[in-house]
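Visitor: Shown below is the structure under consideration.
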Amino acid sequence: MPDQLRLLHLIDGQWREGGGQRFLDLNPALPGQIVAEGLEATEGEVDDAVCAARKSARDWAATPIHERAQVLWRAAELLESRAEEFGTELTREEGKTLGEGVGEVRRAAQVLRYYAGSADRGAGEVYSSARRGERLLVVRRPVGVVAAITPFNFPIAIPAWKIAAALVYGNTVVWKPAMSVPLLAMRLAQVFTEAGLPNGVLNLVYGQNATGAALVGHALVNAVTFTGSTQVGRHIAADCARRGVSVQAEMGGKNAAIVLRDADVELALDQVVAGAFRSAGQKCTATSRLVLDAPIADEFLQLLQRRVAALQIGDPLDPSVNVGPVIDGYARDRIASEVAAAIAAGATVVAAADQRRANSDDTGFYISPTVLEVEHPKAPIWEREIFGPILAVQRADGFAQAVQMANEGDFGLSASIFTQDVTAALAAIDSIDVGVLHVNSETAGADPHVPFGGLKASGMGPKEQGEAARDFFTQSTTVYLTGGRSPHRLPFDLAAL
Ligand code: UN1
């Protein structure tokens, strides 16, 4: 069992110190505070991890899926029983509020249970044959060794939905988490080992981009699952395509909420505020654009201004805080400069939060939730992913223009439409180019039993979660099955039975 503050790699079932550079896991609300520390993996250690995954792949694939699922059930129970403890650690290293941190650990448990349930679901398909005495089967087999690269913003939920899916379908995994959230990575790996996962089936290595490159470029890796920026995702996908390695990349978003003139304004306000500012806007599914139907725009902005002004910013462990810090100083400075550039280019601040909690430390990486109205349809703040608590607003003249605005730019992850008009909702389904559409709810959120992922520049390869996960984490073999005897030479008369 690893020491609380020491970040150890998990390689072939052994908790090991890395042989590389020292790294620190810092609290973004109190940057002087070290949450945990460790040493990065060397390239040799990445190789050890991949070789361990390769070595254990055959046995794990041959283990009945119900036994593999048992490990997931036990891991889910362990997560559930430690949700408060791990949720607090999550908040300390990532900065989302404690409620969100604990909620995310519980969500990870729910994800594990969903995949454990795969053991009792269909394992392929059966088709009729055009020939007598034959059946056609489509069976599913594991892909082999999966490399998982995960982002900082969901330190345990995203890893859970990649790793649980990979494992239950019989693959082995080498995982490199984002370097700002290594502690929750170790916690998830720990619960898997405590739940009885055999050595080498899940391996965990910490490191920067070079470690990620050594992992995804390793000759023994068969598939890569990635969540992060579009730039990195496309780079990985191109490299994988060259080598014939399958890849799933879940990338950026610039997600619009459309509020039509007939919407329930209070509901829309609640959902827009939650979608834009929970997790300090650091979700690829966050609401980062608001399209207001012109007749209600002034009223909506006035009410939004009040809601935003009431948000409490500060240490996310304080239960009265609504918005914690962003992940690090680099993110804070980048977001601040995007906002300054937008204002210099003509955007107007229509709402901003300024309620800093007294107990929050000024060195924390805080960005005030801000709503900016933009006039120019091609303004960078309208099209670029900012990944912070920043909401850009435009006014539209009715449904058609609103949809056009929501579709602007390269991304196509999620969108919301607020309306009570079924005709408009149905038209939205066919005309908003996104992988996830919410009608009268916020743009964020992803249930484990349905596909999750984006269109356009937001996604590449099969989607995550639900049955879509099975498509990525297995490969199919089509079997033409006959009994080996000609129908004329059966030892009985089939027609007479
Ligand atoms: C959610 O909206 O709850 O990185 C999940 C992200 C997405 C997951 C979003 N891959 O924000």
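Visitor: With all protein chains present, how much of the accessible area of segment 319-399 (probe radius 1.4 Å) comes from carbon and sulfur, to the nearest whole percent? Kindly include the intermediate steps, with their values, before the conclusion.
Guide: Numbers: 1960 of 3750 Å².
Summing carbon and sulfur atoms, their accessible area is 52 percent of the total for segment 319-399.
Visitor: Are any of the pairs Lys176/Lys456; Lys254/Lys378; Lys162/Lys463; Lys283/Lys378; Lys162/Lys283 more than 19 Å apart by Cα-Cα distance, and if so, which? Mind showing how you got there, number by number?
Guide: Values: Lys176/Lys456 26 Å; Lys254/Lys378 13 Å; Lys162/Lys463 11 Å; Lys283/Lys378 23 Å; Lys162/Lys283 17 Å.
As for pairs spanning more than 19 Å Cα to Cα, those are Lys176/Lys456; Lys283/Lys378.
Visitor: Just name one of Phe418, Gly275, Asn407: the one whose Cα is farthest towards the positive end of the charge dipole of the chain (beta-carbon charges, Lys/Arg +1, Asp/Glu -1).
Guide: Projecting each Cα onto the dipole axis, the largest value belongs to Asn407.
Visitor: On a 0 to 90° scale, report how tilted helix 230-243 is relative to the longest principal axis of the chain, with both axes built from alpha carbons and the result rounded to the nearest 10.
Guide: Tilt of helix 230-243: around 20 degrees.
Visitor: Here is a further query. Taking the Cα centre of each part, how many Å lie between segment 225-277 and segment 107-145?
Guide: Between the Cα centres of segment 225-277 and segment 107-145 lies a distance of 28 Å.
Visitor: Probe radius 1.4 Å, ligands and nucleic acids left out: which of Lys176, Lys463 has the largest accessible area, and how do the rest follow?
Guide: Values: Lys176 20, Lys463 60 Å².
Final ranking, largest accessible area leading: Lys463, Lys176.
Visitor: Hey, could you get me the Stokes-Einstein D for the chain, Kirkwood radius over alpha-carbon pairs, 20 °C and 1.002 mPa s, rounded to whole µm² s⁻¹?
Guide: Numbers: Rh = 23.9 Å.
Once the numbers are plugged in, D ends up at 90 µm²/s.
Visitor: Run the quick spin-label model on Leu437 and Glu85: label points 7 Å from Cα toward the beta carbon, then report their separation in nm to one decimal.
Guide: With each label placed 7 Å out from Cα toward Cβ, I get 4.6 nm.
Visitor: Once you charge only the Cβ atoms, +1 for Lys and Arg and -1 for Asp and Glu, what is the size of the charge dipole of the chain about its Cα centre, to the nearest 20 debye? Write down the numbers at each step before the final one.
Guide: Values: 45 positive and 58 negative charges, 388 e Å.
Roughly 1860 debye for the chain.
Visitor: Between Glu17 and Glu266, take the C-beta separation as r, use R0 = 51 Å, and let me know the FRET efficiency to the nearest 0.05.
Guide: Working: r = 54 Å, r/R0 = 1.06.
About 0.40, to the nearest 0.05.
Visitor: Given R₀ = 60 Å, FRET efficiency for Ser337-His66 by Cβ-Cβ distance, to 0.05? The partial results should precede the final answer.
Guide: On the way: r = 53 Å, r/R0 = 0.89.
Calculated transfer efficiency: 0.70.
Visitor: Here's another thing I want to ask about it. If you build the Cα gyration tensor of segment 250-302 and take the root of 5 times each eigenvalue, what three semi-axes come out, in whole angstrom, biggest first? Kindly include the intermediate steps, with their values, before the conclusion.
Guide: Working: eigenvalues 96, 26, 13 Å².
Equivalent ellipsoid of segment 250-302: 22, 11, 8 Å, largest first.
Visitor: Still on this structure: Using a Förster radius of 41 Å, what is the FRET efficiency between Thr482 and Leu24 based on their Cβ-Cβ separation? Nearest 0.05, please.
Guide: That pair, Thr482 with Leu24, gives E of 0.05.
Visitor: Mind checking the angle between helix 294-309 and the chain's longest principal axis? C-alpha axes, 0 to 90 degrees, to the nearest 10.
Guide: The angle comes out at about 90 degrees.
Visitor: Any idea what angle helix 83-94 forms with the longest principal axis of the chain, computed on alpha-carbon atoms, 0 to 90 degrees, nearest 10?
Guide: Here the helix axis deviates by roughly 60 degrees.
Visitor: In whole percent, and with a 1.4 Å probe on the protein chains, what portion of the accessible area of segment 154-313 is carbon and sulfur? Intermediate values should be presented prior to the final figure.
Guide: On the way: 2260 of 4350 Å².
The C+S portion of the solvent-accessible surface of segment 154-313 is 52 percent.
Visitor: Can you give the helix-only mean residue ellipticity at 222 nm for the chain, where every DSSP H stretch with n ≥ 4 adds -39500 (n - 2.57) and the sum goes over all residues, rounded to the nearest 500 deg cm²/dmol? Display every interim value, and only then the final one.
Guide: Details: 15 runs with 190 residues, N = 497.
Theoretical 222 nm ellipticity from helices: -12000 deg cm²/dmol.
Visitor: Another question, if that's okay. Rounded to two decimals, what is the ratio between the C-alpha radius of gyration of segment 255-439 and 2.2 N^0.38 Å?
Guide: On the way: Rg = 15.8 Å, N = 185, 2.2 N^0.38 = 16.0 Å.
Dividing the Cα Rg of segment 255-439 by 2.2 N^0.38 Å gives 0.99.
Visitor: Still on this structure: Over the chain, average the accessible area per residue using a 1.4 Å probe and give it in Å², no decimals. Write out the running numbers ahead of the final one.
Guide: On the way: 20330 Å² over 497 residues.
With all protein chains present, the chain gives 41 Å² per residue.
Visitor: Now for a different question. What's the Kirkwood radius of segment 343-497 in Å, using all Cα pairs? Write down the numbers at each step before the final one.
Guide: Numbers: mean 1/r = 0.0493 Å⁻¹.
Across segment 343-497, the inverse of the average 1/r is 20.3 Å.
Visitor: Cα centroid distance between segment 160-207 and segment 29-47, in Å?
Guide: Going from one Cα centre to the other spans 16 Å.
Visitor: Contour minus end-to-end for Arg135 and Asp362, with contour as 0.36 nm per residue of separation and end-to-end as the Cα-Cα distance?
Guide: In short, 74.8 nm is gained.
The values are calculated or read from the model by the stated rules, or taken from the named source; none is laboratory data. All figures in this text were calculated on a predicted structure; none of them were measured in a lab. All Cβ positions, glycine included, derive from the backbone under ideal geometry; neighbour counts span all protein chains shown. Areas reflect the complete protein model, heavy atoms only, side chains present, ligands, DNA and RNA absent. Shrake-Rupley method; radii C 1.70, N 1.55, O 1.52, S 1.80 Å.
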